[in-house]
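Below is one structure, written out as structure tokens; the observations come after it.
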Amino acid sequence: MRQGKVLGVERRRRWSDEKKLAILGKVGLSGRTVADVAREEDLTRQHIYQWRQELRRKGIWPRSEETVFLPVDLSPVLEPELRSAVEAPESAVEIVLRNGRRLLCSGGIEDHYLARLIRLVETA
């Protein structure tokens, strides 16, 4: 009969809902991404995504239904002669995200800024 040897230490850990919430709450703080928080906590990014789904099913995440406004300044500094051409009245656009959050933006926002803003709000 063959005998085998187990190498390494078992990595299975148990996390309470409170600890999961504390870890999830770190995402977005000071610009930290899911990957940053996962590295800090010695987790995979998939853990964080799975925990979000699990806690949403339990009705724990997000913690409140209150609207949260994040300060974002996307306006470029323009030369005086360019300002008058850009300062035309713009229409407002409201975007409803999959997670139910809403963004209200000016119609003239550049695509790459809008895409980045949507990603940030969806993961916050």
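The values are calculated or read from the model by the stated rules, or taken from the named source; none is laboratory data. Treat the numbers as computed from the prediction; the structure is a model and nothing was measured. Every residue, glycine as well, gets a Cβ built from its backbone with ideal geometry; the counts of neighbours run over all protein chains shown.
Of the set (1) hydrophobic (A, V, I, L, M, F, W, C); (2) at pLDDT 70 or above; (3) not assigned by TED's automatic domain parsing to the domain that holds Arg101, all apply to Val9 but (2). Note on the stretch 15-24: residues that are within 26 Å of Val72 (Cα to Cα) and surrounded by 14 or more Cβ atoms within 10 Å (Cβ to Cβ) amount to 3.
For the stretch 39-124, the helices (runs of 4 or more DSSP H) that sit wholly inside it and include 3 or more residues that are at pLDDT below 80 and more than 18 Å from the chain's Cα centre (by Cα) are 80-86. Return the residue satisfying two criteria in turn: it lies in the stretch 25-60 and is over 17 Å from Glu122 (Cα atoms) and acidic (Asp, Glu), and of such residues it is surrounded by the most Cβ atoms within 10 Å (Cβ to Cβ). Only one residue tops the list, namely Glu41.
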